[in-house]
Number of protein chains: 2
Amino acid sequence: MADATPNSEMSNLTVETNPGEDFVDPWNVHSSSATGVDYDKLIKRFGSQKVDEALVQRIEKVTGKPAHHLLRRGIFFSQRDMTMILDLYEKQQPFFLYTGRGPSSEAMHLGHLIPFIFTKWLQETFDVPLVVQLTDDEKFLWKDLSIEETNRLAHENAKDIIALGFDVNKTFIFSDYEYIGSCKEFYMNMCRIQKLVTFNQVKGIFGFDDSTCIGKISFPAIQAAPSFSSSFPLIFNGRANVHCLIPCAIDQDPYFRMTRDVAPRLGLPKPALLHSTFFPALQGAQSKMSASDPNSSIFLTDTDKQIKNKVNKYAFSGGGATVEEHKQKGGNCDVDVSYQYLTFFLDDDERLAQIRKDYTSGELLTGFLKKELIEILTKIVGDHRQRRAQVTDDIVKQFMTPRKLNFQY
Amino acid sequence: MADATPNSEMSNLTVETNPGEDFVDPWNVHSSSATGVDYDKLIKRFGSQKVDEALVQRIEKVTGKPAHHLLRRGIFFSQRDMTMILDLYEKQQPFFLYTGRGPSSEAMHLGHLIPFIFTKWLQETFDVPLVVQLTDDEKFLWKDLSIEETNRLAHENAKDIIALGFDVNKTFIFSDYEYIGSCKEFYMNMCRIQKLVTFNQVKGIFGFDDSTCIGKISFPAIQAAPSFSSSFPLIFNGRANVHCLIPCAIDQDPYFRMTRDVAPRLGLPKPALLHSTFFPALQGAQSKMSASDPNSSIFLTDTDKQIKNKVNKYAFSGGGATVEEHKQKGGNCDVDVSYQYLTFFLDDDERLAQIRKDYTSGELLTGFLKKELIEILTKIVGDHRQRRAQVTDDIVKQFMTPRKLNFQY
């Protein structure tokens, strides 16, 4: 008995939040700390593994390419079974990527881009197929939106995702309504999962109760189903055992804890995961950005002027209250939102290190960081605006048509 | 306030069973009485209406045809909103028929035929489209059967249904797997229903508890969805307001109580219903027949010899223990299974009345009833066997292909 190593993931699908601890589930993230969620504690509670230096080095070694800065900087900080994925890759065994988006608003914000930017890097680096789930059904169930509106938003959001430059020959983007209504194998996998998960379990994992509608109760199976290659018979030629890697924000982990619990009972491989931290709101790191508060985030639809104004007006400063105090005590990068945003979007490591050093010492003022950030974001959003304008309905249709991708299975 | 007429259907989705009362839900039927379920009490508890003489006469009047014996003899004994359906018919407004079958076994028995025999009469009499749902997903969730097997059984059962002589130009038969996986409008209606029904409600209506799997919990929406014409865009040309009439056994009513509760909140018409009594087991009327006990029923696959043996050996007799006793006291038609079966399958009213009279008086012995029944069943099953042999996979495919039917909408 002394040797028994409890599998914290399997034995603890339900992750209890104790008083004072950060609260993280797919719909709410709360932290009482100014530096935001304590991610090390979250790894322990969720039973995942840290993305450590050794793993980053191994990724660089097996791919022969430098790791993405989102990986190097601990933004993708947590993982499940990445070692297995790298083992597969070394043996030239196939795997595929799966990520998603809940289309609840027309304008996506910078935080929404992070998993997709990183996913694109993963796809290019490992040369693997990608499936992107747009959960229009979820948003209908959770929000005061019609089916038609959530489906329309799915197509609008697809344009933003496509504008990041995904390869149409290697990427399948789908709306749940459209894909479930066109692929019985997907629906069959939904049923297989739904047969193995009880109300007790989803109550524990997702906090449902007796007044929850039956649509929400069964939804987790819909987010789980794309983890299995048999849900995409055209892409994987009917193969059910192609491994899956899911890059996502850590708040989505409950879905995939459930998926990983179910997978072996279905005789299917557990999906591997790479979890990101949350992209902070302009006002600070206590919570995720909110699409419903236009001043909490930079939207991909913001004008240059709006970007400038929002950063200048709302980006929480870790600097001193006066120039004198700042020069004397220095700035605090751990709470400064402009600095945090630079860690997400400034890919030059040396320059970022210099900024950190000079801001911490008090040499650089908050105004400098904001100016630097405004420049970078203006370019990112401006480039995105241009590329998105070129994404026609026809291109969206190509990405969203179930089809064979340019891989052999 | 004194005028308030409580709508027992709406205010009482959950029908409590008190001690000593018959228990009826979609999975279990128990009665402690030798004459079986007390259907008058069930009508009260479920809040439906009796199919009375006036209704039968009105049906004959508006259709200009004699009522089917299953209707005349009180086998379809209960209804919801049939008056509304007849009003529509008189005004030449369209409606459609919806019934179904859970494909849990290859061999359907006589009891399974009843709703289909009656539905065929309704279709021919009113000249309306018919949709038949084969809930292969339900049977996967409830039984120890694979998805592939339940889907195969759906196709096998479709052959039996088709063999009854439904018109392919007016009838769409579908497997849930296949149709959900090919029609987003159906899945959208599932979601609409699932958003409006809570766990609390299905717990009350269907007796689910916290250990119920999430597939069962959300399934009622799948049986509800075909009640709405917008679930069949090809048949109804996108019209969402075509009224629906559901002939089914009374144990299916919980699904449609729920559907009728949801319909007005979706701005859709409530389905009307015609409920049948249960076809008794050979051993007596205390329970429904069981597909898992081969001796409890006559199967459509039984040989002439099996039919003869089963009726002679197992059909519960309401006659006296000895010929003398029988001649003295007479037989009891209310518990005699052979007589009960004749009410289902002998369409000659005069002859049935004569048999009842002569059996009750003791003039006819049980052996006569059995002989009469064996003759009738041998012919029904034999004819069915012949017609079923002619139902090719190709014909099944025609019936199960989503398509326009021969009606204008």
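Rule-based calculations on the coordinates, nothing more; no lab input. Here the structure is a predicted model, which means the values were calculated and not measured. As a convention, Cβ positions derive from the backbone with ideal geometry for all residues, glycine included, and neighbour counts pool all protein chains shown.
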*asked:* I need A:Tyr98, B:Tyr341 ordered by Cβ neighbour count within 10 Å, fewest first.
replied: B:Tyr341, A:Tyr98
*Between B:Leu97 and residues 5 or more places away or on another chain, which pairs have amide H atoms under 5 Å apart, with H built 1.01 Å from N, and which residues are they?*
B:Leu130, B:Val131, B:Leu245
*Taking each label point as 7 Å beyond Cα in the direction of the beta carbon, state the distances from A:Val391 to the same residue in the other copies, shortest first, in nm.*
4.8
_What distance in nm separates the two pseudo spin-label positions at A:Thr17 and B:Asp167, each 7 Å out from Cα along the beta-carbon direction?_
6.1
_Alpha carbon centroid spacing (whole Å) that separates region A:229-279 from region A:147-213_ = 13
*asked:* I'd like the projected area of the protein assembly as shown, averaged over all directions, using the convex hull of its alpha carbons. Report it in nm² with one decimal.
replied: 43.8
*Find out how many positive minus negative residues lie around A:Pro233, taking Lys and Arg as positive, Asp and Glu as negative, among other residues whose Cβ is under 13 Å from that of A:Pro233.*
+3
*Could you list B:Tyr89, A:Tyr179, A:Tyr409 in order of exposure, starting from the residue whose Cβ has the fewest other Cβ atoms within 10 Å?*
A:Tyr409, B:Tyr89, A:Tyr179
*When a footprinting reagent is the concern and you count Cβ atoms within 10 Å, what order do A:Cys333, A:Cys191 take, fewest first?*
A:Cys333, A:Cys191
*Please give the direction-averaged projected area of the C-alpha convex hull for region B:2-126, in square nanometres with one decimal.*
10.6
_Net length gained if the chain between A:Thr322 and A:Asp40 were fully extended (0.36 nm per residue, minus Cα distance)_ = 98.2 nm
*Would you tally the net charge around A:Phe407, using a Cβ to Cβ cut-off of less than 13 Å, leaving A:Phe407 out, and scoring K and R as +1, D and E as -1?*
+2
*Taking a cut-off of 20 Å between Cα atoms, list the aspartates and glutamates near B:Lys91, but don't count ones fewer than 8 places away on the same chain.*
B:Glu60, B:Asp81, B:Glu124, B:Asp127
*Nm distances between the label at B:Met84 and the same-position labels in the remaining copies, 7 Å along Cα→Cβ, shortest first?*
5.2
*Between chain A and chain B, with a rotation axis joining them, whose C-beta in A is nearest that axis, and what is the whole-Å distance?*
A:Ser218, 2
_Label point 7 Å beyond Cα along the C-beta direction, distances from A:Ala107 to other copies (nm, shortest first)_ = 6.8
_Furthest towards positive pole of dipole, A:Thr83, A:Ala67, A:Ile147, structure part region A:23-282, Cβ charges_ = A:Thr83
*asked:* Take the residue pairs A:Lys216/B:Lys397; B:Lys50/B:Lys308; A:Lys139/B:Lys184; B:Lys159/B:Lys404; B:Lys50/B:Lys270 and return only those whose Cα atoms are more than 25 Å apart.
replied: A:Lys216/B:Lys397; B:Lys50/B:Lys308
_Give me the mean projected area, in nm² to one decimal, of the convex hull enclosing the Cα positions of region A:293-389._
6.2
*If the label point is 7 Å along Cα→Cβ of A:Lys143, which residues in region A:100-120 have backbone nitrogen under 19 Å from it?*
A:100-116
_When only alpha-carbon atoms are used, what values of Rg and Dmax, in angstrom, describe region A:23-282?_
17.5, 52
*Can you give me the span-like helices of chain A, meaning DSSP H runs with 20 Å or more of Cα extent along the axis and Kyte-Doolittle mean at or above -1.0?*
A:110-126, A:147-163, A:366-389
_If I model a spin label at A:Thr303 and A:Phe368 as a point 7 Å from the Cα along the Cα→Cβ vector, what separation in nanometres do I get?_
3.1
